[in-house]
Structure formats: structure tokens, C-alpha cells
Amino acid sequence: MNKNFKETSKTGAVPWLLQRISAVVLFVILIIHFVTYHFLSKGVTPPWKEVVAKMQSPWFNLFQFIFLVCALYHGLNGIWMVTEDYIHSRSWRIVIFSLILLVGISLLFVGVMTIIKISSLDLTKF
């Protein structure tokens, strides 16, 4: 395979490092999630109202936002890295990058709206 390396990204070290950092952050967040929401509940499913009450906390919202941003970056950057390795046409790269960016912005918007909506629920109605 004859690949023209002048057509590829010359700044691959920073995204590679951020990919590893986001993986570590995701791992830590998942461990915290499992410990606090699954292991500390002692096998008993908490009532829905109790779960939503936890979601009212600004710390919970920050935690969810960091999780959302790291997961989106990690997943979409991974797709972009694979694309850079296997797609050699500049025009296809632009198309795929545009789609990845559109999907990322859309998912970020939906995720943030969900976090805001859940945090603003009125618990007296339930």
C-alpha cells in the first residue's frame, strides 16, 4: 500500500494523548457510577423519586456533563482516527469529518438538554 503521508494529519500526538486521557477519565467515572449507584444500594432498587432527587444536585449534573463530553470525544475521536488511517481521499475525509462533527454536536445538544430537563423536574408532582 502506497500512502502519501503528506495528506495525513501532522498533529496526531495531541489527539492521541487526549484519547488516552479521556479513556482514564471515563474509567474513573464509570467506577464511581457503579460504586455509588449499584454497589451501595445493596441490591435494592431505589424508588424513582429518590433517584431523581439525586439528579437535582449540581454535582450530579457536573458529573454527567463531564461523562457526556468525555464519552463523545473519546468515541468520535476514535472514529476519526480510524478514518484517517483508512480513508485516503481528501474529499471523503472532509465529508466524514463533517458528519462526525454534526453527530457530535447533535448528541451534545440532546445530552445537555436531557441533563437540564432532569435537573429541573418538580418532585412534588410525583
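Consider region 1-36 and keep the residues that are small (Gly, Ala, Ser) and modelled with pLDDT of 80 or more. The one that is surrounded by the most Cβ atoms within 10 Å (Cβ to Cβ) is SER22.
All of ILE115, ILE100, ILE94 fail the test of being out of contact with any Leu (no Cβ under 9 Å at 6 or more places or on another chain) and assigned to a helix (DSSP H, G or I), apart from ILE94. Within region 20-79, the only residue that satisfies the criterion of being under 17 Å from GLY111 (Cβ atoms) and not in a helix (DSSP H, G or I) is MET55.
Scanning for something surrounded by fewer than 16 Cβ atoms within 10 Å (Cβ to Cβ) and within 13 Å of SER22 (Cβ to Cβ), does region 77-88 turn up at least one residue? Yes, region 77-88 contains at least one residue that is surrounded by fewer than 16 Cβ atoms within 10 Å (Cβ to Cβ) and within 13 Å of SER22 (Cβ to Cβ). Pairs are defined by a Cβ separation below 7 Å, a sequence spacing of at least 6 or placement on different chains, a first member in region 27-44 that is free of Cβ contacts under 8 Å to residues at least 60 places away in the same chain and under 18 Å from VAL69 (Cβ atoms), and a second member that is part of a helix (DSSP H, G or I) and of a type in the set (Val, Ile, Thr); the pairs so defined are ILE29/ILE66.
Every listed requirement among (1) within 19 Å of VAL25 (Cα to Cα); (2) surrounded by 11 or more Cβ atoms within 10 Å (Cβ to Cβ) is met by LEU99 save one, (1). Apart from one condition, LYS54 fits all of (1) surrounded by 12 or more Cβ atoms within 10 Å (Cβ to Cβ); (2) in contact with an Asp or Glu (Cβ under 9 Å, 6 or more places away or on another chain); (3) among the basic types (Lys, Arg); the exception is (2).
The values are calculated or read from the model by the stated rules, or taken from the named source; none is laboratory data. No experiment lies behind these values; they were computed from the predicted model shown. So basically every Cβ, Gly included, is an ideal-geometry build from the backbone, and we count neighbours across all protein chains shown.
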